[in-house]
Structures are given as structure tokens and as C-alpha cells.
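Asker: Here's a structure for you.
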Amino acid sequence: MKITFLGTSSGKASLNRYHSSILFSLDKYNLLVDAGDGISRALINNKINFSSIDGILFTHLHPDHFSGLPALIVQMKMMNRNKPLEIFIHKSLVEVVENIIIRSYLLPEKMGFEINCKDFNDDERFNITEKFSVIAKKNSHLRDLEKYQNKYSSLSFYSASFLFESDGKKIIYTSDIGSEEDLLLFSEVVPDLFISEVTHISTLTLLEKIKSLKPNMTYLTHYSDDDVAELSEIMANQSNALKKKIILAADSISFDF
Ligand SMILES: [Zn+2]
């Protein structure tokens with residue numbers, strides 16, 4: 001498996017870094033996890049052909065994770081794509097995603113390729129490929145908004161953290177969280193790789209939790225340019241053993257796993 005951080009920024013736009021998005025490549029399948037504002041440029045920046053993307057998994061629909069989708073589909077159309085595009089999305093969000101695609105005038109009749117929304121249920125394993133599976137668990141990232149559910153009854157406030165598995169290797173991706181408890185959603189698993197966001201939790205709390213979760217390797221992502229100095233200083237003050245196991249991800253870093 002090859003993992004590429006296409007972007008590591010938070011919801012804050014930056015001239016130098018893209019919003020958080022990760023590319024998982026395995027079994028000749030390229031899965032993009034999130035496609036926020038600017039994702040098409042992030043792919044160009046990483047010399048990744050739009051047509052090589054086989055599927056897109058969305059963690060939630062905040063603009064820094066989702067709103068690059070229509071523009072990315074346009075790029076795929078302009079490259080005369082003909083292979084289908086799969087979109088993996090929680091079942092409560094399928095309708096809104098399909099609607100946004102249609103309302104962006106990306107009509108099936110004009111596309112030249114199929115866009116297949118594949119819905120998943122909370123806490124239920126689903127397959128990306130034969131050997132690559134995922135479990136999503138709802139986290140509390142959007143919990144503050146649930147008080148508006150009555151007024152906006154058609155909205156789904158679903159946001160998830162994920163456990164990816166392939167060839168016995170386990171990867172946890174927190175995506176955007178709402179509380180430190182969200183870091184424990186898969187606490188029965190000791191992951192080979194733990195990828196955590198670092199904006200919606202204090203760095204010191206996060207480091208404490210990582211010490212108890214004992215992942216083999218950790219990458220921190222989803223931080224703004226304003227956070228870099230403080231994050232770097234905190235990381236510099238950790239033990240050498242911890243520094244080897246926790247890495248502040250940067251845009252375009254890529255590694256085989
Ligand atoms: Zn975000």
C-alpha cells in the first residue's frame with residue numbers, strides 16, 4: 001500500500017498547503033479520502049492523474065473535506081474519462097451528494113462515465129476492493145450542530161472516524177473529531193498506523209492518548225499554518241523514542257506501508 005498526504009491543512013485556506021486529503025493506493029485501486037476545496041490543484045501538485053482516482057471516500061461534508069468534488073468531476077470529464085467513479089458515503093448523505101452533483105449540472109447524460117454512490121452503514125465493515133476494507137464509526141465532530149436538527153430536519157450531521165484494513169494491517173484515521181473520546185472509537189485495535197487530526201484537540205492531550213493507544217506509527221495532520229510553530233516546538237520537546245513514532249505530516253509526503 002502506498003499512502004500519500006495530498007494536503008495537511010485544516011479548514012484554514014493556505015497559499016502553501018492544501019486541505020486535508022489522503023490517497024491510499026493498493027490493488028491497482030486509488031482511493032481518495034476527502035476532496036475539499038482545491039483538491040484538483042492538490043492532485044496536480046502531486047502529479048496524480050485525475051483519471052487514476054477510482055474512488056472517493058468522504059468523512060463528512062464540511063467544505064474543506066467535500067466541496068472540491070464537483071470541480072474534480074469536471075476535470076475528470078475534461079480528460080474524457082470513461083471508467084466509473086465510486087463515491088463512498090454514509091447512507092444518510094447519499095441523497096445530498098447526488099443532488100450537489102446534479103445541481104452542478106454534472107448530468108449523467110453528459111458525463112461519459114458513471115458516478116456510483118456506494119453507501120455504508122455506521123459500524124459495519126464494507127469493502128473498497130477484495131482485500132481492502134473499512135469500518136466507519138460516527139464521531140462527535142458535528143455534535144454541536146445537532147441542536148438545529150428540528151429546524152433543518154433534512155440535514156444529516158454524520159461525521160466518521162475510520163478503521164482501514166488490508167493484508168492484516170490496520171490503519172485508524174480519526175478524520176475531524178469533536179472530543180478526545182473520539183480517539184478511542186477503535187480502542188480495541190492496536191493500529192499499525194494511526195493518522196490523527198490535530199486541530200480539534202489539544203496536542204498534549206492527543207500525545208497522551210497516543211501513548212496509551214500504542215500505535216506502531218502516528219502521523220498528525222489537519223493543522224493550520226498558524227499552528228506549525230507551536231506544534232513543532234511541542235514535538236521537539238518529546239523523547240527521542242516518541243519522536244521516531246510520531247511524525248507531523250506535510251503536504252506531498254508519500255510512503256509505502
Ligand atoms: Zn476539516
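Asker: Just to confirm the number: angle between the C-alpha axis of helix 94-103 and the first principal axis of the chain, 0 to 90 degrees, nearest 10?
Answerer: 50
Asker: Here's a follow-up. Number of Lys-Lys pairs in region 77-140 under 14 Å by Cα, sequence gap 8 or more or different chains?
Answerer: Lysine pairs satisfying the spacing and distance rule in region 77-140 number 4.
Asker: Same structure again: Sorted by mean Cβ packing within 10 Å, highest first, what order do the peptides 54-65, 112-123 take?
Answerer: So the order, starting with the most tightly packed, is 54-65, 112-123.
Asker: For region 66-131, take the alpha-carbon Rg, divide it by the Kirkwood Rh, and send me Rg/Rh.
Answerer: With Rg and the Kirkwood Rh in hand, the quotient comes to 0.99.
Asker: May I pose another question? Looking at the chain, what % of its DSSP beta bridges pair antiparallel, to the nearest 5?
Answerer: Expressed as a percentage, antiparallel bridges in the chain total about 55.
Asker: Over region 124-234, what is the relative contact order in percent, taking alpha-carbon pairs closer than 8 angstrom and at least six residues apart?
Answerer: 20
Asker: Further question on the same structure: Report, largest value first, the span of the C-alpha coordinates of region 1-134 along each principal axis, in whole Å.
Answerer: 34, 33, 28
Asker: Moving on. Could you give the angle, 0 to 90 degrees to the nearest 10, between helix 203-213's Cα long axis and the longest principal axis of the Cα atoms of the chain?
Answerer: Roughly 90 degrees, rounded to the nearest 10.
Asker: Then there is this: Find out how many positive minus negative residues lie around R41, taking Lys and Arg as positive, Asp and Glu as negative, among other residues whose Cβ is under 15 Å from that of R41.
Answerer: Overall, the nearby charge balance is -2.
Asker: Below 8 Å, C-alpha to C-alpha, sequence gap of six or more: please give me the relative contact order for the chain in percent.
Answerer: Here the relative contact order equals 18 percent.
Asker: How big is the Cα convex hull of the chain in projection, averaged over all directions, in nm²?
Answerer: 13.6
Asker: How high is the relative contact order of region 74-148, in percent, with contacts defined as C-alpha pairs under 8 Å that are six or more residues apart?
Answerer: RCO, region 74-148: 31 percent.
Asker: State, in angstrom, two size descriptors of region 92-172 derived from its alpha carbons: Rg to one decimal place and Dmax to the nearest whole number.
Answerer: Values for region 92-172 (Cα only, Rg and Dmax): 15.9, 45 Å.
Asker: From the helices alone, meaning DSSP H stretches of at least four residues, give me the mean residue ellipticity at 222 nm for the chain, per-run term -39500 (n - 2.57), in deg cm²/dmol to the nearest 500.
Answerer: Computed ellipticity for the chain at 222 nm equals -6000 deg cm²/dmol.
Asker: Going by the alpha-carbon gyration tensor, a ≥ b ≥ c the square roots of its eigenvalues, is region 130-257 rounded (a/c under 1.5) or, if a/c is not under 1.5, prolate (a/b greater than b/c) versus oblate?
Answerer: oblate
Asker: Another question about this same structure. Nearest 20 debye, what's the magnitude of the dipole of region 107-257 about its Cα centre given +1 on Lys and Arg Cβ and -1 on Asp and Glu Cβ?
Answerer: Roughly 340 debye for region 107-257.
Asker: Treating cross-link reach as a plain straight distance, find the lysines whose alpha-carbon is under 28 Å from the alpha-carbon of K243, omitting any fewer than eight places away in the same chain.
Answerer: K2, K12, K169, K170, K209, K211, K214
Throughout, read-outs are computed from the coordinates displayed, never taken from laboratory work. Values in this document were obtained by computation on a predicted structure and should not be read as measured data. No Cβ is skipped: glycine too gets one built from the backbone with ideal geometry, and neighbour counts run over all protein chains shown.
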